[in-house]
Protein chains: 2
Amino acid sequence: MTATIKDVAKKAGVSLSTVSLVLNNKTNLSPETINKVKQAISDLNYHPRHSARGLASKKSGNIGFILTDDHFSRAEPFYTKIFLGSEFEARNYNYYILLTTIEQNFCKKSIPRFLLEKNVDGVILAGHIPDGLINFLSNNYNIPVVYIDYLPPKGKSFAILIDNVDGAKLAVEHLLEKGHRDIAFVCGEISHPSMQSRFLGYKQALKNADIPLREELVVTDELATSDESGHNATCKLLKTGIHFSAIFAGNDAMAIGCMKCLKKKQISVPDQIAIVGFDDVDIANQIDPKLTTMRVDKEEMGAIAIKNLVEMITKEKRNFGKVLVPVELVTRNST
Amino acid sequence: MTATIKDVAKKAGVSLSTVSLVLNNKTNLSPETINKVKQAISDLNYHPRHSARGLASKKSGNIGFILTDDHFSRAEPFYTKIFLGSEFEARNYNYYILLTTIEQNFCKKSIPRFLLEKNVDGVILAGHIPDGLINFLSNNYNIPVVYIDYLPPKGKSFAILIDNVDGAKLAVEHLLEKGHRDIAFVCGEISHPSMQSRFLGYKQALKNADIPLREELVVTDELATSDESGHNATCKLLKTGIHFSAIFAGNDAMAIGCMKCLKKKQISVPDQIAIVGFDDVDIANQIDPKLTTMRVDKEEMGAIAIKNLVEMITKEKRNFGKVLVPVELVTRNST
DNA sequence: GTGAAAGCGCTAACAG
DNA sequence: CTGTTAGCGCTTTCAC
């Protein structure tokens, strides 16, 4: 049988509850008592049993992580990395993460089991989450919730978001520093909050540099944010005949599409036209020329979520607001 | 307070232990008793508390899922889908899955916490797993283990594997049916068991069709199994001047590389040369022409793992051997 | 500071 | 087939 708290108490020559107090670092015990106990714990290779703790403390020691299945199995492992960051951070706080996916068209039947069984002390919701689940949570549960990369349409919430505005500004400022003045912006799905923010950052950077916004250098009417739409947008720009020496693309996929178009037309990147993307997807570093882009620390986003969630759980308080995770310029060969 | 087993017993007018028996469908209770209890359970929206069960039964109700971090965050969401299949199946058996990643260079410090805390009833190991962890598990634990897409180098084990031999046979048979006789095989990293099996399947299919194996149509000396190595291998084949009307590539990445090379040389696919890949990665369906390839049901692999693991856990027995998951031909435009 | 004792909600004997 | 009972390992009052 593996060691129990009783064994530790016996070995350390203290009472059972003293060990418990050490375990949960409650009250000020004498340092020597603490040391004795800690010694016994490591001697016996003791690990408190999750279920026993859970039963006695009415806390599960688990954190739920929910995202939609399509988000999770996308080729770009964006959410995977966020999860990894969470899982890693959760180890420090001795929480387990229960990961589950839901379908985009949410129905009562698909409520995560750990919610029904009240087996999580808090929940992380990553990416676009159906309203049905959000409402279900807020109506039936009082556990803390942290959103990642998604801001629920209404109500108070706590969200970890990418600083798209600032990131876009940095991207454009990089181009400005390289001496570019005629900088095009190419984007699709402009109704998406991220894209709007990036567009805003583009405009702000130009304004700060006293460069007027020229509508003819802006293409935002592509439907998607894909490779293909980047290609199309670039073709459109070239057809106008208007001069530009750089493109800031709404994301890497589009930036790659831009490069493909330019390659076809024998326009050299970065000599004739420089390109900056956004996201730093894995292939950004594999294409030729390698794409200069904006990187977000996904693992960090997951870690921040855990830190905040644990704080809310243990202090029984609720945080509200947004945390904007900074974006970093990754300079490569396309600029 | 949420309902407990006591409330259910009271509501159903039976004893506490009767409810427990229903919950664990032990012994043959009278159908009407069962119904009464089930009614009470749903009336009260009762869910047994995981921790209480765990404490009393000495089972955690959890299954550990371990893979290396690089496997998990690969662009191709192969293991992600396997995990999803596991998670989905685990719901049916009321298990939670604890997902964690380890580093390829395993050290004692990185032993998953749920192992140290003995908080899983069984473990799934997906993809290449460092020997250190395998040894640690077999030396210190007696919980059932299921491997997915990896066969540990030594010792008895239970593994869910892709039926690469049969899959490759099917691929080549498809080409044979289309009338091809001169079928090239293009592959890299031939020391990898999967690639060896696919090569074997290629040879078997030819043999069954009474077509002699022609070494000059086989390229297995590429180092990687990437896009680029597919490209190189195809160039090599073309340079020899030997006629062939079809290529079976070791995987989709290589197949795509083959297509790129052929495109450059203005050789039309599938009119002049047909191509079959293996894996059915997401982009296989997005390139032009769309790639005919072999698909493996990743979710199914995860589900099979869970089914077997649960059986081993509940029946306290150990299964050994291999389960080969069938591969399916996905016919698209490259053949 | 530390120790004793009472549960947390459930399972698993056992006796009826 | 049903009810009683004794824990599982821990937290948490409450005395000391």
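None of the figures in this text is laboratory data; all of them are computed from the coordinates on show. Note that the coordinates shown come from a computational prediction; the quantities given were computed from them, not determined experimentally. Cβ coordinates were reconstructed from backbone atoms using ideal geometry, including for glycine residues, and neighbour counts include every protein chain displayed.
Distance between Cα centroids, region B:315-331 to region B:229-304: provide it in whole Å.
Here the answer is 26 Å between Cα centres.
If contacts are Cα pairs under 8 angstrom and at least 6 residues apart, what is the relative contact order of chain B in percent? Mind dumping the intermediate values first?
Numbers: 608 pairs, mean separation 58.9, N = 335.
With pairs under 8 Å counted, the relative contact order is 18 percent.
Please give the FRET efficiency for A:ARG181 paired with A:ASN28, using the beta carbon to beta carbon distance and R0 = 56 Å, rounded to the nearest 0.05.
Step by step, r from the Cβ atoms, then E = 0.30.
Rounded, prolate or oblate, given the Cα gyration tensor of region A:36-76, with a/c below 1.5 counting as rounded?
Verdict is oblate for region A:36-76.
Would any residue of region A:177-205 have its amide N under 12 Å from a label point 7 Å out along Cα→Cβ of A:ARG214? List them or say none.
Only A:181-185 fall inside the zone, counting backbone N under 12 Å.
In whole Å, what is the distance between the alpha-carbon centres of region B:121-194 and region B:1-62?
42 Å
In which sequence would B:THR80, A:THR331 go, from the one with the fewest C-beta neighbours within 10 Å to the one with the most?
So the residues, fewest neighbours to most, are A:THR331, B:THR80.
What FRET efficiency comes out for A:LEU329 versus A:ALA52 if R0 is 35 angstrom and r is the Cβ-Cβ distance? Round to the nearest 0.05. Write out the running numbers ahead of the final one.
Values: r = 50 Å, r/R0 = 1.42.
With R0 = 35 Å, the Cβ-Cβ based efficiency is 0.10.
Nearest to the axis that maps chain B onto chain A: list the chain B residue whose Cβ wins, with the distance in whole angstrom.
B:SER51, 2
Would you work out the charge dipole size for chain B about its Cα centre, treating the Cβ of every Lys and Arg as +1 and the Cβ of every Asp and Glu as -1, and quote it to the nearest 20 debye? Provide the component values of the computation, followed by the final result.
Working: 41 positive and 38 negative charges, 275 e Å.
Value, rounded to 20: 1320 debye.
Once the Cβ-Cβ distance between B:GLU311 and A:LYS290 is put in as r, and R0 is 51 Å, what FRET efficiency do you end up with, to the nearest 0.05? Don't skip to the answer; put the middle values down first.
Working: r = 49 Å, r/R0 = 0.97.
Efficiency, rounded to the nearest 0.05: 0.55.
Figure the gain on full extension for B:ASN135 and B:ILE242 (residue separation times 0.36 nm, minus the Cα-Cα span) and round it to one decimal in nm.
Values: separation 107, 0.36 × 107 = 38.52 nm, distance 4.94 nm.
Gain on stretching B:ASN135 to B:ILE242: 33.6 nm.
If I take every Cα pair under 8 Å that is 6 or more residues apart in region B:164-295, average their sequence separation and divide by the length, what percent do I get for the relative contact order?
Here the relative contact order equals 25 percent.
Over chain B, with a single point scatterer placed on each C-alpha, what log10 of the ratio I(q)/I(0) does the Debye formula yield at q = 0.08, 0.12 1/Å?
Summing over Cα pairs of chain B leads to -0.51, -0.87.
Assign one of three labels to region A:98-146, namely rounded, prolate or oblate, based on the Cα gyration tensor with a ≥ b ≥ c the square roots of its eigenvalues; rounded applies when a/c is under 1.5, prolate when it is not and a/b is larger than b/c, and oblate otherwise.
On the way: a/c = 1.32, a/b = 1.29, b/c = 1.02.
Note, shape of region A:98-146 comes out rounded.
Amide H of B:GLY122: which non-local residues (sequence gap of 5 or more, or other chain) have their own amide H closer than 5 Å, using H built in the peptide plane?
B:GLY64
Before rounding to the nearest 500, sum -39500 (n - 2.57) across all DSSP H runs of length at least 4 in chain A and divide by the residue total; then give [θ] at 222 nm in deg cm²/dmol. Could the numbers behind the result be given before it?
Values: 13 runs with 145 residues, N = 335.
Here the helix-only value at 222 nm equals -13000 deg cm²/dmol.
So for region A:5-57, averaging the separation of alpha carbon pairs under 8 Å that are six or more residues apart and normalising by length, what relative contact order in percent results? It would help to have the intermediate numbers written out before the result.
Details: 31 pairs, mean separation 19.6, N = 53.
Worked out over region A:5-57, it gives 37 percent.
Using +1 at the Cβ of each Lys and Arg and -1 at the Cβ of each Asp and Glu in region A:5-57, identify which of A:SER20, A:SER30, A:ALA52 lies farthest towards the dipole's positive end.
Positive-end residue among those listed: A:ALA52.
Long-range amide H contacts for B:VAL218: which residues qualify at under 5 Å (H placed 1.01 Å from N, peptide plane, sequence gap of 5 or more or a different chain)?
Result for B:VAL218 returns B:PHE185.
Just subtract the alpha-carbon distance of A:LYS118 and A:CYS235 from 0.36 nm times their residue separation and send over the number in nm, one decimal.
Extra length from A:LYS118 to A:CYS235 when fully extended: 36.7 nm.
Could you compute Rg(Cα) / (2.2 N^0.38 Å) for region A:164-295, with N its residue count?
For region A:164-295, the normalised Cα radius of gyration comes out at 0.91.
Mean projection of the alpha-carbon convex hull of region B:12-60 over all orientations, in nm²?
Here the figure is 3.5 nm², rounded to one decimal.
Could you pull the copy-to-copy label distances for B:LYS322, with points set 7 Å along Cα to Cβ, in nm to one decimal and sorted shortest first?
5.3
State, to one decimal in nm, how far the label point of B:ASP221 lies from the label point of B:GLN204, with both points 7 Å from Cα in the Cβ direction.
Spacing of the two 7 Å Cα→Cβ label points: 2.8 nm.
Starting from the Cα of A:TYR93, step 7 Å along the direction of its Cβ; do the same at A:GLN272; then give the gap between the two resulting points in nm.
The answer from the label model is 5.3 nm.
Placing the label point 7 Å from Cα along the Cα-to-Cβ direction, what are the distances from A:LYS260 to the equivalent spots in the other copies, shortest first, in nm to one decimal?
1.3
Rounded, prolate or oblate: which fits region A:52-117, taking a ≥ b ≥ c as square roots of the Cα gyration tensor eigenvalues, rounded meaning a/c under 1.5, else prolate when a/b beats b/c?
Oblate, because a/c is 1.5 or more while a/b does not exceed b/c.
Send over the semi-axes of the protein assembly as shown's equivalent ellipsoid, whole angstrom and largest first, taken as the square roots of 5 times the C-alpha gyration tensor eigenvalues.
Values: eigenvalues 457, 258, 107 Å².
One finds semi-axes of 48, 36, 23 Å for the protein assembly as shown.
Quick check: net charge around B:LYS11, other residues with Cβ under 12 Å of its Cβ, Lys/Arg +1 and Asp/Glu -1?
Local charge sum for B:LYS11: +2.
Can you give me the long-range amide H partners of B:LYS322? Hydrogens built in the peptide plane at 1.01 Å from N, cutoff under 5 Å, separation of 5 or more residues or another chain.
Long-range HN contacts for B:LYS322: B:ALA159.
If the label for B:ARG91 sits 7 angstrom from Cα along the Cα-to-Cβ line, what are its distances to the same label in every other copy, in nm to one decimal, shortest first?
List, nearest first: 2.9 nm.
Mind checking B:110-118 for the average number of partner chain beta-carbons within 10 Å of each residue's beta-carbon?
Mean shielding by partner chains, rounded to a whole number: 3.
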